[in-house]
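Take a look at the structure below.
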Amino acid sequence: MRVVLDTGILVAALITVGTPPDKIYQAWKKKRFELFTSEWQLEEFRRVSRYPKLRSFINPAEAGQMVNGIKLNAFVYTSLPAVDVCKDPDDNPILAIALECKADFLVTGDKRDLLSMERIHMTPIVSAARFLARLEHF
């Protein structure tokens with residue numbers, strides 16, 4: 001199963017142990033699905049994980065370990081096609097990853113922009129809880 005995790009899901013996995021984002025990340029580490037990402041997203045994750053408001057919640061070493069693990073074990077695109085379909089242009093690269101890999105799911109917590117789209121072409125856009133429920137059936 002091909003999956004794209006929005007950057008917010010990855011950040012939440014570091015902050016909140018035992019929640020759906022963390023359980024999804026742990027499932028990926030156990031090879032329950034294939035993770036697709038891009039250099040752009042990994043750079044976004046590095047930037048977001050250093051925000052002053054998140055510093056007290058995210059251990060920099062754990063964030064670095066996550067990035068390194070993803071770089072070694074996920075499919076990482078170095079370039080992406082141009083996509084302009086989301087209300088928030090900052091979300092278009094995540095949609096481009098989903099399109100490029102023909103993802104089975106794009107998982108996000110972005111209710112306002114991504115979840116409201118419901119899908120990008122054939123890829124369902126779902127919440128972490130919904131994806132986790134689906135993953136438990138595999």
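The values are calculated or read from the model by the stated rules, or taken from the named source; none is laboratory data. Since the structure is predicted, the reported quantities are computational estimates derived from the model, not experimental observations. Here the Cβ positions follow ideal geometry from the backbone for every residue, glycine too, while neighbour counts run over all protein chains shown.
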TODO: Quick one: count up the residues across the stretch 94-124 that are buried (at least 21 other Cβ atoms within 10 Å of the Cβ) and in a helix (DSSP H, G or I).
DONE: 6
- [ ] Considering every residue within the stretch 104-118, establish whether at least one is small (G, A, S), in contact (Cβ under 8 Å) with a residue 12 or more places away in the chain and in contact with a strand residue (DSSP E or B) (Cβ under 7 Å, 6 or more places away or on another chain).
- [x] no
Open item on the list: Tally up the residues in the stretch 63-100 that are modelled with pLDDT of 95 or more and in contact with a helix residue (DSSP H, G or I) (Cβ under 9 Å, 6 or more places away or on another chain), please.
Closed with: 18
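Conditions tested, residue by residue: (1) surrounded by 12 or more Cβ atoms within 10 Å (Cβ to Cβ); (2) part of a helix (DSSP H, G or I).
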| position | (1), (2) |
| --- | --- |
| W28 | yes, yes |
| Q41 | yes, yes |
| E44 | yes, yes |
| V48 | yes, yes |
| I58 | yes, no |
| L72 | no, yes |
| V76 | yes, no |
TODO: Within the stretch 125-138, track down each residue that is crowded, with 17+ Cβ neighbours inside 10 Å and in a helix (DSSP H, G or I).
DONE: A128, F131, L132, L135
- [ ] Mind listing just one residue for me: the one in the stretch 1-26 that is part of a strand (DSSP E or B) and of a type in the set (A, V, I, L, M) and, of those, farthest from F75 (Cα to Cα)?
- [x] L5
- [ ] Scan the stretch 78-92 for residues that are part of a helix (DSSP H, G or I) and over 14 Å from the mean Cα position of the chain (by Cα) and jot them down.
- [x] P89
